[in-house]
Amino acid sequence: MLGLARHTSAVDELLPDAAVKLPEGSREEGLLRCAAAALLARLAGQRSAVAEAPATARAANIAERVIADSALRLLAHLSAEGPKELIGEWFTRASKSGRVLPPQWIPAVFEMLTAELRGEYASIFGARIHWLADQDARWAIEGLGQECNERNWQTGSVAERVALLKRARATDPDTGRAWLEGTWSADAPEAREAFLQALKIGLSSADEVFLEQALDDKRKSVRLAAADHLSRLPGSAFMQRALERLRPAFEFEPRPAGLLAKFSSRKLRIELPSALDKAALRDGIEIKPPANAKVGERSFWLTQMLSVPPPQEWSRRFECTATELLDAVARSDHAGQVFTALCAACVRHPDGEWIDALCAGWRARAADQASGAVAGIAALLEALPTDERDQHVQAQVKALRNQDLIDLSLQLLTCTGHAWSSATTSLAFEVLLMHIQGSAGPSYLLGPSALESWGRRVDIASAAPAVQRILDKIGTESPFRNAVERLLKLIEFRIDMHKELLA
Amino acid sequence: MIWGECQGSGANPYQVRFALADTGYRCTCPSRKQPCKHVLGLLYLYAGGGSFPTTAPPAFVEEWLANRAKRADAKAARDSLPSVPVDPEAQARRLDKREGRIGLGLEQLQAWMADIVSQGMAHARAQPQSFWMQMAARLVDAQAPGLANRVRAMAAMVLTEENWSERLLGALARLQLLIDAYRRIESLPTPLAAEARSLVGWTQKQEELLARRGISDHWQVIGKRLTSEDTLRVQSTWLRGQKCHRLALVLDFAVGRQAFTSVFTLGQVFAAEAVFFDGVRPYRALLKPSAAAVGVSLHLTGAVDIGGVESELGAALVENPWLERWPVAVGPVTVVGVQDRWLLVDALGRRLPIARSFKHGWSLVALTGGETVDLFGEWDGFDFDPISVCFNSMLYSLAQIDAVTVLARAV
């Protein structure tokens with residue numbers, strides 16, 4: 001190691017029992033030759049020790065059908081080159097197919113997913129992942145193998161406990177809340193925040209008492225989460241307080257007497273609140289508006305208050321339809337703020353009639369506030385459950401199209417987040433064709449990201465022929481051709497993927 | 001002869017031609033992929049039974065055919081010229097010159113090694129890469145590329161291995177033995193002499209080898225590995241004769257994006273005549289062109305337990321002391337992870353460490369589920385480097401599918 005220069009012993013002494021005389025040469029060469037002899041002797045003669053063989057538990061054989069190799073290669077391709085959004089679809093399809101990964105793929109696929117997604121798609125790993133987790137804890141899927149009981153709740157890590165709470169709330173919300181109440185005072189603030197978010201699952205009026213307590217918590221994010229949950233419980237004391245607060249602020253003027261009363265439009269009297277009392281602060285109303293919003297303090301308070309109760313409350317109390325009320329709002333002072341507040345309220349408490357009315361309101365403003373209108377409509381629709389949402393999306397797109405706002409209808413389609421039904425898909429491509437035929441050149445609307453989001457959501461059965469028809473109609477010279485061909489390729493890729501996963 | 005015009009994203013349609021007789025093709029698109037998608041599209045249409053006119057090809061097709069005919073004639077004319085005879089004197093002089101260069105290279109190498117020994121291996125390890133690479137480059141200039149490879153291998157070993165001092169000493173020592181042997185090569189028995197020459201970097205001419213008689217057998221592909229160094233890609237294919245049970249290693253080379261001339265798939269069985277290179281326990285071989293694929297076999301035969309692996313290496317070293325790696329199939333063993341190393345453990349509890357470069361550990365463990373498995377790989381006396389895996393009568397290779405490291409089935 002240190003070098004022959006520092007040693008003075010004769011090389012001959014290194015291997016005293018060497019049978020062969022070393023050839024002539026320098027000390028260095030001699031050393032190497034001895035080393036060679038020693039090494040060869042060791043390598044040739046080495047035999048590992050016989051020892052106790054470690055007992056390894058054997059894994060059970062894999063009983064389920066295995067996902068095809070071609071589908072797996074597709075996944076590898078997706079994860080290397082994308083499009084990345086299709087990876088989620090691959091996993092959803094794969095876990096629905098009831099098949100499992102071939103065991104040699106388990107570690108690689110496990111590492112592709114985040115901890116949360118591993119739990120969600122756990123079925124594709126099969127039973128082998130539990131055996132693997134026994135060998136090394138890094139392969140454990142959080143919250144999965146564990147039984148859903150209070151002991152695990154009390155002894156797990158925060159992430160595990162959140163997963164357990166979510167599972168408990170899904171099946172038995174009251175027990176879940178009881179666990180949370182049991183450990184609430186001892187938990188750290190970050191943990192409390194995460195648990196309170198989980199309480200959203202299975203939210204009901206039975207949770208009211210606990211949430212009222214949480215309104216007094218020291219940490220602001222906990223208070224905000226509690227207020228948000230309470231605002232979704234129409235029958236709660238929280239809601240009563242909110243309505244009381246608004247009583248002087250939001251009222252129709254009394255009907256004028258006389259025969260002409262029915263024909264004159266009533267005026268809405270809106271009074272900005274003069275001060276915030278302690279109860280209001282406790283219920284989550286902020287005093288200062290955010291720096292970039294150009295609103296006064298008092299109107300900011302009104303907006304916050306008004307966004308809590310369900311808008312159906314107003315149409316019930318004032319005995320009018322949503323449209324009539326919105327007309328009155330438009331004619332009153334602070335029309336813009338009130339409209340925004342009512343939209344926020346409708347997102348919290350989705351209602352078909354109100355959504356239609358508010359969307360009509362957005363469409364009316366579309367002339368000056370084009371992008372805001374689309375965002376507003378999209379936000380309202382997102383609050384609906386998926387099946388209803390599809391109907392409403394169709395209705396709004398048709399309405400926008402009839403108003404000749406083709407661009408906006410395209411934008412709306414691009415920013416909706418759910419998988420489209422075949423009717424929506426056909427409508428979407430109709431509108432697309434109108435846009436292509438009407439506009440001069442390719443726009444950002446048909447940029448790569450817009451197309452990918454379309455490609456992800458279309459109903460593939462009806463989409464492929466629809467896109468093909470568009471390609472036929474627009475001809476080979478159209479500047480849109482590339483964009484639409486890319487869309488077609490994406491759709492065909494999805495079709496292949498579905499075929500492979502079920503093959 | 002089929003042809004067509006295809007509208008791509010350019011202004012004019014691309015002209016595509018395909019000669020069915022000898023699969024020649026040409027397309028005017030600017031794509032650098034050969035064959036381009038337009039040619040493939042044309043072929044798909046043809047294969048799908050589309051109707052093609054066979055008479056009166058348009059001008060661009062006639063032109064192309066005419067050019068091809070001209071080129072074929074020119075080539076035939078060149079080939080029929082008598083080849084220049086090899087001048088024996090000139091050849092002898094070239095060989096002498098090379099021996100001279102090698103001799104000088106050996107002296108430089110000797111001095112460099114003596115330097116390392118006297119200053120100490122710790123000092124050598126602290127040197128930058130250029131310390132090793134410059135010596136390797138000098139050996140390449142001295143026309144001794146085999147020795148250059150050994151020096152480069154030392155450079156990698158000192159940085160990556162835990163027991164680097166033991167390995168480096170071993171490598172230097174055996175290099176010394178090789179130098180000693182080469183210097184008195186006339187007094188060595190023929191097989192050893194041939195081995196020494198090939199290790200230094202002398203190559204045997206393939207035409208001369210192919211003219212010899214080889215071993216005819218059914219050869220099964222039991223392992224395949226691709227390595228690359230700069231732009232040179234090497235495909236190493238291990239085959240085992242099903243009757244003679246001998247192991248043969250076939251090396252194919254390709255530069256840049258060239259394709260390899262032979263294509264082997266794990267598990268394929270070829271009826272072929274294998275000609276072995278000269279040397280001790282020779283196992284580098286060539287398959288004669290008459291090789292034909294006759295089927296698929298996914299078993300791994302001839303696996304020995306760990307004691308067998310060690311004694312095989314011992315016996316091999318007796319015949320060829322410069323042997324660095326011994327190809328062997330080991331099994332049945334279980335794969336066990338200890339701290340950050342993987343080990344193979346046989347029925348008697350003997351352990352064989354797996355090389356650090358093996359990245360498929362968890363994939364293998366997940367696959368085997370604690371059951372025993374057979375592996376084919378190379379044992380160098382320190383650790384085992386797996387090349388292929390046989391589990392439940394199915395062969396798997398170590399693969400990298402896009403970015404995913406996984407064992408891939410040999411279908």
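Quick one: check the C-alpha center-to-center distance for the stretch A:343-365 versus the stretch A:193-216, whole angstrom.
27 Å
Considering all alpha-carbon pairs of the stretch B:362-411, what whole percent are spaced by more than 16 angstrom?
Of all Cα-Cα distances in the stretch B:362-411, 43 percent exceed 16 Å.
Points 7 angstrom from Cα along the Cβ direction at B:Ala122 and A:Ala159: gap in nanometres?
For the pair B:Ala122/A:Ala159, the computed spacing is 4.3 nm.
Can you compute the FRET efficiency between A:Thr92 and A:Arg219 using 1/(1 + (r/R0)^6), with r the Cβ-Cβ distance and R0 = 45 Å? Round to the nearest 0.05.
In this case the efficiency is close to 0.80.
Under a point spin-label approximation (7 Å from Cα along Cα-to-Cβ), what is the B:Val294-B:Arg93 distance to one decimal in nm?
It is 5.0 nm.
Using the Cα centre of the stretch B:315-411 as the reference point, and only Cβ charges (+1 on K/R, -1 on D/E), how large is the resulting charge dipole? Debye, rounded to the nearest 20.
I would put it at about 220 debye.
With the cut-off at 1.5 for a/c, could you classify chain A from its C-alpha gyration tensor as rounded, prolate or oblate?
Here chain A falls in the prolate category.
Mind listing the phi-derived Karplus ³J(HN,Hα) values for the stretch B:99-110, rounded to whole Hz, using 6.51, -1.76 and 1.60 with θ = phi - 60°, and x for any glycine or proline?
Coupling constants for the stretch B:99-110: 4, x, 4, 4, x, 5, x, 4, 5, 4, 4, 4 Hz.
If the limit is 22 Å between Cα atoms, which of A:Lys84/B:Lys224; A:Lys220/A:Lys278; A:Lys499/B:Lys224; A:Lys96/A:Lys398 go over it?
A:Lys84/B:Lys224; A:Lys499/B:Lys224; A:Lys96/A:Lys398
I want to check the label-to-label distance for A:Arg247 and A:Ser26. Put each point 7 Å from Cα in the C-beta direction and report it in nm to one decimal.
10.6 nm
At 4 °C and a viscosity of 1.567 mPa s, what translational diffusion coefficient does Stokes-Einstein give for the stretch A:409-503, taking Rh as the Kirkwood radius over Cα pairs? Give it in µm²/s as a whole number.
96 µm²/s
From the backbone phi of the stretch A:306-318, what are the Karplus-calculated ³J(HN,Hα) couplings (6.51 cos²θ - 1.76 cosθ + 1.60, θ = phi - 60°) in whole Hz, Gly and Pro given as x?
6, 8, 8, x, x, x, 4, 4, 6, 5, 6, 5, 8
Taking loop as defined by DSSP and a crowding limit of 14 other beta carbons within 10 Å, which GluC sites (Glu not before Pro) in the stretch B:101-201 fit?
B:Glu162
Nearest 10 degrees, 0 to 90: what angle lies between the long axis of helix A:422-438 and the longest principal axis of chain A (Cα atoms)?
80 degrees
Counting each pair of different Cα atoms once, what's the Kirkwood radius of the protein assembly as shown in Å, rounded to one decimal?
35.7 Å
Show me, for the stretch B:214-219, the HN-Hα J-couplings you get by feeding each phi into the Karplus relation (A = 6.51, B = -1.76, C = 1.60, θ = phi - 60°), rounded to Hz, glycine and proline as x.
Values per residue, Gly and Pro as x: x, 9, 8, 6, 8, 9 Hz.
Quick one: compute the contact order of chain A, relative version, from alpha carbon pairs under 8 angstrom and 6+ residues apart, as a percent.
Relative contact order for chain A comes out at 9 percent.
Sorted from largest down, give the three principal axis spans of the alpha carbons of chain B, whole angstrom values.
Over chain B, Cα extents along the principal axes are 79, 64, 45 Å.
Under the rule that an exposed site lies in a DSSP loop and has at most 14 other Cβ atoms within 10 Å, name the longest stretch of chain B with no trypsin sites (Lys or Arg not before Pro) of that kind, not counting the sites themselves.
B:34-183
So for chain B, averaging the separation of alpha carbon pairs under 8 Å that are six or more residues apart and normalising by length, what relative contact order in percent results?
Once normalised by length, the contact order is 8 percent.
Quick one: work out Rg over Rh on the C-alpha atoms of the stretch A:168-248, Rh as Kirkwood radius.
0.99
Averaged across B:400-409, how many Cβ atoms of other chains sit within 10 Å of each residue's Cβ atom?
Mean shielding count: 6.
Can you give me the Cα centroid spacing of the stretch B:59-122 and the stretch B:342-398 in angstrom?
The two parts, judged by their Cα centres, are 40 Å apart.
Helix A:481-502 versus the longest principal axis of chain A: what is the Cα-based angle in degrees, 0 to 90, to the nearest 10?
The helix A:481-502 is inclined about 60 degrees to chain A.
When the Kirkwood hydrodynamic radius is evaluated over all pairs of different C-alpha atoms of the stretch B:186-264, what value in angstrom, to one decimal, is obtained?
It works out to 14.9 Å.
For A:Cys415, A:Cys320, give me the order by solvent-accessible area with a 1.4 Å probe, most accessible first, ignoring ligands, DNA and RNA.
A:Cys415, A:Cys320
Need one word for the stretch B:48-127: rounded, prolate or oblate. Basis is the Cα gyration tensor (sqrt eigenvalues a ≥ b ≥ c); a/c below 1.5 gives rounded, then a/b vs b/c decides.
oblate
Heavy atoms only, probe 1.4 Å: what % of the accessible area of chain A goes to carbon and sulfur, would you let me know?
C and S atoms contribute 53 percent here.
Net charge near A:Val100, counting Lys/Arg +1 and Asp/Glu -1 over other residues with Cβ under 10 Å of its Cβ?
Taking every Cβ under 10 Å from that of A:Val100, the sum is +2.
So if I take the centroid of the Cα atoms in the stretch A:447-495 and the same for the stretch B:297-339, what is the distance between those two points in Å?
Going from one Cα centre to the other spans 56 Å.
Ignoring ligands, DNA and RNA, what accessible area per residue does the stretch B:236-352 give at 1.4 Å, in Å²?
In whole numbers, the stretch B:236-352 has 43 Å² accessible per residue.
Evaluate the Kirkwood expression for the hydrodynamic radius of the stretch B:199-345, namely the inverse of the mean inverse distance over all pairs of different C-alpha atoms, and round to one decimal in Å.
One over the average 1/r among Cα pairs gives 17.0 Å for the stretch B:199-345.
Quick one: compute the contact order of the stretch A:161-260, relative version, from alpha carbon pairs under 8 angstrom and 6+ residues apart, as a percent.
Once normalised by length, the contact order is 22 percent.
What stretch of chain A, leaving out the sites themselves, is the longest with no GluC sites (Glu not before Pro) in a DSSP loop having at most 16 other Cβ atoms within 10 Å?
It runs A:320-476.
If I fit a long axis through the Cα atoms of helix A:460-474 and take the longest principal axis of the Cα atoms of chain A, what angle between them do I get, 0 to 90°, rounded to 10?
Around 80 degrees separate the two axes.
In whole Å, what three semi-axes, largest first, describe the equivalent ellipsoid of the stretch A:83-242 built from its Cα gyration tensor (square root of 5 times each eigenvalue)?
35, 18, 13
Please work out whether the stretch B:281-383 counts as rounded, prolate or oblate from its C-alpha gyration tensor, where a ≥ b ≥ c are the square roots of the eigenvalues and a/c under 1.5 means rounded, while otherwise a/b larger than b/c means prolate and anything else oblate?
oblate
The values are calculated or read from the model by the stated rules, or taken from the named source; none is laboratory data. Keep in mind the model is a prediction, meaning the values are calculated, not measured. Note that we place each Cβ from the backbone using ideal geometry, even for glycine, and neighbour counts take in every protein chain shown. Side chains are part of the model used for accessible areas, which takes the heavy atoms of the whole protein and leaves out ligands, DNA and RNA. Shrake-Rupley method; radii C 1.70, N 1.55, O 1.52, S 1.80 Å.
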